[in-house]
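The values are calculated or read from the model by the stated rules, or taken from the named source; none is laboratory data. Only a predicted model underlies this, so the values are computations on that prediction, with no experimental measurement involved. Cβ: placed from backbone, ideal geometry, glycine included. Neighbour counts: every protein chain shown. Side chains are part of the model used for accessible areas, which takes the heavy atoms of the whole protein and leaves out ligands, DNA and RNA. Shrake-Rupley method; radii C 1.70, N 1.55, O 1.52, S 1.80 Å.
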Amino acid sequence: DTPKDPSPTPPDSQQTEQPTEGSLPRSPAGLEVMPLVVKGERFLMEKAMTEQARQRGLGGRSSLEPDRGMLFAYRHPEVMGFWMRDCLIDIDIAYLDATGRVVAVHRMRKEPPRAPGESTPQYLSRLPSYSSRRPAVIALEFAAGTLDRLDLRPGESIELDVTALRRE
């Protein structure tokens with residue numbers, strides 16, 4: 001569920017803290033959380049805005065609540081590829097362009113963990129990459145089954161402030 005990079009991915013399976021009055025919760029990794037409404041359903045999205053947070057992604061998590069997810073924002077549009085490095089759960093992903101239009105969706109499946117004696121390059125080389133196919137600036141990750149439940153498809157738009165997110 002992370003952009004391709006060979007850096008390690010530490011496990012992270014704690015629950016999200018509950019919000020205090022007037023604030024949103026922090027994620028298990030201490031990331032800022034923002035609300036996002038997709039096709040009438042409300043999600044709390046962890047904002048993976050630093051390279052470290054992007055590389056960790058949802059790797060190592062043993063669960064993801066149906067109303068939670070992770071948002072990755074990038075300054076410049078590019079064809080992206082995410083993979084399921086160290087992921088313990090299946091994840092749905094939607095890529096958005098600079099206007100908030102969905103350009104690709106994937107149902108990413110967890111991969112067998114790194115085998116004893118399997119080198120890091122061997123492990124990484126067997127992981128499939130899930131491409132945005134077109135230039136994108138936002139990647140949204142959700143619990144498995146979310147894309148089907150929402151019937152979210154390429155060409156649809158998601159309302160969010162892409163410009164502000166790209167500046168963070």
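Run the 1.4 Å probe and let me know the accessible area of T163, rounded to the nearest 10 Å².
Here the accessible area works out near 80 Å².
Under the Karplus relation 6.51 cos²θ - 1.76 cosθ + 1.60, θ = phi - 60°, what is the ordered set of whole-Hz ³J(HN,Hα) values for the stretch 52-67, x standing for Gly and Pro?
With coefficients 6.51, -1.76 and 1.60, one gets 4, 5, 5, 5, 6, x, 9, x, x, 7, 8, 7, 8, 4, x, 9 Hz.
Give the carbon-plus-sulfur fraction of the accessible surface of the stretch 68-168 in %, rounded to a whole number; probe 1.4 Å, heavy atoms of protein chains only. Mind showing how you got there, number by number?
Values: 2410 of 4770 Å².
Accessible surface attributable to carbon and sulfur in the stretch 68-168 totals 51 percent.
Under the Karplus relation 6.51 cos²θ - 1.76 cosθ + 1.60, θ = phi - 60°, what is the ordered set of whole-Hz ³J(HN,Hα) values for the stretch 128-145, x standing for Gly and Pro?
x, 9, 9, 8, 6, 6, 10, x, 9, 10, 10, 10, 10, 10, 10, 4, 3, x
Sort 71-81, 43-53 by packing, meaning the average of other beta carbons within 10 Å per residue, with the highest value first.
Values: 71-81: 16.6, 43-53: 18.2.
Highest mean packing first, the order is 43-53, 71-81.
Can you tell me the alpha carbon radius of gyration of the stretch 25-153 divided by the globular rule-of-thumb value 2.2 N^0.38 Å?
1.03
On a full-extension model of 0.36 nm per residue, what is the gain between E156 and R42, subtracting their alpha-carbon distance, rounded to one decimal in nm?
39.4 nm
Taking the simple approach of a point 7 Å from Cα along Cα-to-Cβ for both R133 and E168, what is their distance in nm?
Each label point is offset 7 Å from its Cα along the Cβ direction, giving 2.7 nm.
Whole-Hz Karplus ³J(HN,Hα) for the stretch 36-50, in order, using 6.51 cos²θ - 1.76 cosθ + 1.60 and θ = phi - 60°, x for Gly and Pro?
With coefficients 6.51, -1.76 and 1.60, one gets 8, 9, 10, 6, x, 9, 8, 10, 9, 9, 6, 9, 8, 9, 9 Hz.
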